[in-house]
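Notes to accompany the following structure.
The values are calculated or read from the model by the stated rules, or taken from the named source; none is laboratory data. Keep in mind that what you see is a predicted model, and the values were worked out from it rather than measured. Positions of Cβ are generated from backbone atoms using ideal geometry, with glycine treated the same way; all protein chains shown enter the neighbour counts.
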Amino acid sequence: MQPALTVLDDPPAVARHVATWLAQELGAGPPGRRAVALSGGSTPRLLYETLARAPWRDAMPWERIHWFWCDERFVPAADERSNYELVRRLLLDEAPIPRANIHPIPTASGTPESAAAAYDAALRRYYGADTLAADRPLFDVVLLGVGEDGHTASLFPGSALLNERSRWAAAEATSRPEPRITLTYPALESSRATAFIVTGASKRAVVGEILGGASDAPAARLRPAGGVHWFVDRAAAAQEGG
Ligand code: 6PG
């Protein structure tokens, strides 16, 4: 399935568009819970702020949505480098989200490996089985960013984790300046919808390579079960037009 590309004028326009898209994605379909895996990094900050504001705040089925993370730095939850802290400050504390629906990667103690194992177990408990079924995705939406080197989540070029097909979460212990925990491809690909959110001229080359089909970067290797959307601003778009 070809990825769908939407080009918006600027980062605020991307944030508003994705917030609207997310509310539609999560509000549609059968009753019951939804699961969203959130990206870290700086790009989605505007999205998290936007979701907590009207009219989007009033359009989301908050009580039914469970929040997970695509990756995390192995730092205390209150650390400014924490992806959890970013979302807590901008969204979780600003919207009517039940605390039981928030599933952070546990970095308070232990090692990156034990944190990854605990998160892996939590994902399987939530899913209710140890095997991911193609017709029952783990997530409804996975939100991802892309680094200039083509990494996504904490799946970096050359990492052994690019070949991990059993574990749903794993430690990227070689990551600097701090070790990270990341979802692996099996978990990231088990999603009804996947959205890459990319803005800024520094990402234009990697976006062009990936969408041009010539890239073997970690972000290009993702083969989600459901639809893939690229929401980019003009600065990151390899072509003009929307
Ligand atoms: C993280 C993200 C990472 C991010 C890219 C892009 O935890 O940092 O998972 O994959 O999405 O590095 O980061 P920016 O949005 O800051 O450019």
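Counting just the residues of the range 80-91 that are without any contact (Cβ under 8 Å) to a residue 40 or more places away in the chain, within 22 Å of D120 (Cα to Cα) and within 14 Å of the ligand (Cβ to nearest atom), which one comes out surrounded by the most Cβ atoms within 10 Å (Cβ to Cβ)? Per the stated criteria, the residue is Y84. With respect to the conditions (1) touching a helix residue (DSSP H, G or I) at 6+ places or on another chain (Cβ under 7 Å); (2) hydroxyl-bearing (S, T, Y); (3) within 15 Å of the ligand (Cβ to nearest atom), S215 falls short on a single one, namely (3). Residues in the range 179-207 that are more than 16 Å from the ligand (Cβ to nearest atom) and touching a strand residue (DSSP E or B) at 6+ places or on another chain (Cβ under 8 Å): S190, R192, A193.
Inside the range 162-194, residues that are buried (at least 24 other Cβ atoms within 10 Å of the Cβ) and of a type in the set (A, V, I, L, M) make up a count of 6. Residue count for the range 22-64 under the criterion of being charged (D, E, K, R) and closer than 23 Å to A187 by Cβ: the result is 4. Exactly one residue out of H151, H103 is more than 14 Å from the ligand (Cβ to nearest atom) and at pLDDT 95 or above: that is H103.
Among the residues of the range 208-219, those identified as touching a strand residue (DSSP E or B) at 6+ places or on another chain (Cβ under 9 Å) and either crowded, with 23+ Cβ neighbours inside 10 Å or closer than 19 Å to G158 by Cα (or both) are I210, A217, P218, A219. For the range 176-191, the tally of residues that are free of Cβ contacts under 8 Å to residues at least 60 places away in the same chain and within 21 Å of L143 (Cα to Cα) stands at 5. Taken over the range 163-181, the residue count meeting the criterion of being of a type in the set (A, V, I, L, M) and farther than 24 Å from Y126 by Cα is 1. Report whether or not G128 is more than 15 Å from the ligand (Cβ to nearest atom), among the small types (G, A, S) and either touching a strand residue (DSSP E or B) at 6+ places or on another chain (Cβ under 8 Å) or closer than 24 Å to E25 by Cβ (or both). Against the criterion (more than 15 Å from the ligand (Cβ to nearest atom), among the small types (G, A, S) and either touching a strand residue (DSSP E or B) at 6+ places or on another chain (Cβ under 8 Å) or closer than 24 Å to E25 by Cβ (or both)), G128 qualifies. Identification of strands (runs of 3 or more DSSP E) wholly contained in the range 127-238 with 3 or more residues that are of a type in the set (V, I, T) yields 191-198.
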